[in-house]
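Everything on this sheet refers to the single structure shown next.
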Amino acid sequence: MQETPLSELIQQRIKKLETLRSLGIEPYNGVFNPEYSTEEIFIKFGNLDKEKLEQENIKASAAGRIILLRDFGKAAFAHIQDSKGRIQIYLRKDVLGEKFSLIKNLDIGDIVGVEGRLFRTKTNELTIEVQEFVFLSKSLRPLPEKWHGLKDIEARYRQRYVDLIVNPSVKETFIKRQQIIKYLREFLENEGFLEVETPVMHTIAGGARAKPFKTYHEALDMELYLRIAPELYLKRLLVGGFERVFEIGKNFRNEGISTKHNPEFTMVEFYVAYKDYNWLMDFTEKLLVYIVEKIFGSLQVKYGDYTIDFTPPFKKITMYDALKTKGVPEETLKNRDFALKWAKDKGIEIPEGSSLSKVLDEIFKEVVEPELIQPTFIIDYPVELSPLAKRKRDNPELVERFELFISGREIANAFSELNDPIDQKERFLRQLEERLKGDEEVPEMDEDFVRALEIGMPPAAGEGIGIDRLVMILTDSHSIRDVILFPLLRPEK
């Protein structure tokens, strides 16, 4: 049977809208106060049997979107869905009288308010026998019937409002996302951290190595950058006397889009005075245990074909040892030319002009990272890869830094913070040489941050956790777009 064109279906609904208005009925009513959500109806009355409901003549009101509608002439059944669930409603001509004729103007997708008597059907389904109903919003565009089978996954992201209506599991993902953020904030506050807000528009794009987004302030006649990271502002607060601070917010990096990357993403960064990266590893374990137990009541979480075990202690291994365990030769760790040849032989692309440390970083991403399924701390990175981290006392070529990997992706990045202003300025100046050679990811010199360090910053440890990636793991989602309500997409043609 040939499908009715969408434009014709929309016109049919517009005619119903006009019919309602001709009868003096406003299809976009302003207010309706349901006594219960659908979930509350089941909690309060779901244990009552058919006889009990008939004896007590219990009334209930609810509001929601019609997602199923079956018309039997003198009666109709429908399901309405609100933010908590759905419930069946029963509309009868002998109960509604003349108002029953309005049912022919109902469509799947309409939002209605209903009030009536609770009863159980022959199949024992708790149902509202409608005695009064009101149109709250007439749906002019039909909900898609084949949404679940869409091959164009972008349609789901672009029309997230439809995705949330027809796919309950999507809504659950975003409810769980907010729970994760709630428990993250709760844990940090319980540990004495103060939540702060720092600028999103920066005059210098610093705090991480990434290409920034540029914008322009008309009144001040100056170019600004959307922040790459809040790090340098949060560390200024350590200088100012706050000893435990954190910020949850958006960062922006002008990079490619993949299942792991979105140009606009959410992170938490937190900083604590008088601690180091060893303390932070223990703290990170406790934080994740707190969140996972709150959400699941267990430390085992299913992700794809794996069961991720968050039971501490997590595995710890140095970056160099992790490379060696995957068959990277010792000579590769010391000799740039050897490392370049080894990478080329393995088909690993290395950006032109990369130093030895950067070559090893690219090799690590290809050879080691995908194999880090269970929570693993990779520790002790080359200085060049970590310009804001403190050097190791027993090996000044390395820094006290860790990255936490779970299910083959980086979840957290942390280090003992560099608080030596002279060393920091020297590292910034070395970075500037790379910037002058054309590397847009290298930030400009932040003179004011160096000045803040000259005032004196206490020894400290800091960490950033990618909330989107953490949510991916805790919701068994395999694309970052699945955990961002409105991911960045190309405009529709």
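The values are calculated or read from the model by the stated rules, or taken from the named source; none is laboratory data. All values reported here derive from a predicted model rather than from experimental measurement. Please note: Cβ atoms are built from the backbone with ideal geometry, for glycine as well, and neighbour counts cover all protein chains shown. For accessibility, only protein heavy atoms count, side chains too; no ligands or nucleic acids. Shrake-Rupley method; radii C 1.70, N 1.55, O 1.52, S 1.80 Å.
Ignoring ligands, DNA and RNA, how do His202, His261 rank by accessible area with a 1.4 Å probe, largest first?
His261, His202
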Inset, instruction - Report the net charge of residues surrounding Asp423, where surrounding means a beta-carbon distance below 10 angstrom and charges are Lys +1, Arg +1, Asp -1, Glu -1. - result: +2
Inset, instruction - Give me the percent of the accessible area of the chain that comes from carbon and sulfur atoms, probe 1.4 Å, all protein chains in place. - result: 49
Inset, instruction - Mind running the shape call on the chain? Use the C-alpha gyration tensor, a ≥ b ≥ c as the square roots of the eigenvalues: rounded below 1.5 for a/c, prolate if a/b tops b/c, oblate otherwise. - result: prolate
Legend entry - Average accessible surface area per residue within the chain, 1.4 Å rolling probe, Å²: 51
Inset, instruction - Give me the accessible area of Glu371, 1.4 Å probe, in Å² rounded to the nearest 10. - result: 110
Legend entry - Solvent-accessible area of Val200 with every protein chain in place, 1.4 Å probe, in Å² to the nearest 10: 60
Inset, instruction - Beyond 27 Å between alpha-carbons counts as too far, so tell me which of Lys15/Lys84; Lys315/Lys437; Lys176/Lys211; Lys275/Lys316; Lys15/Lys74 fall in that bin. - result: Lys15/Lys84; Lys315/Lys437; Lys176/Lys211
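Quick one: net charge of Lys44's neighbours, Cβ under 13 Å, K/R +1, D/E -1? Provide the component values of the computation, followed by the final result.
On the way: positive: Lys52, Lys59, Lys84; negative: Glu35, Glu39, Glu40, Glu56.
Residues near Lys44 contribute -1 overall.
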Inset, instruction - Quote the relative contact order of the chain in percent (integer), defining contacts as alpha-carbon pairs under 8 Å separated by 6+ residues. - result: 13
Legend entry - Charge sum, other residues only, whose C-beta stays under 15 Å from Pro312's C-beta, Lys/Arg counted +1 and Asp/Glu -1: -1
Inset, instruction - Under 1.5 on a/c is rounded, so check that first for the range 233-331, then, if it is not, pick prolate when a/b is larger than b/c and oblate when it is not; a ≥ b ≥ c are the square roots of the alpha carbon gyration tensor eigenvalues. - result: rounded
Legend entry - Charge dipole of the chain about the Cα centre (unit charges at C-beta), most positive-ward option of Asn278, Phe310, Pro421: Phe310
Legend entry - Heavy-atom accessible area ranking, 1.4 Å probe, most first, across Ile257, Ile180: Ile257, Ile180
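So what is the 222 nm mean residue ellipticity for the chain from helices alone, if each DSSP H run of at least 4 adds -39500 (n - 2.57) and you divide by all residues, rounding to the nearest 500 deg cm²/dmol?
-10000 deg cm²/dmol
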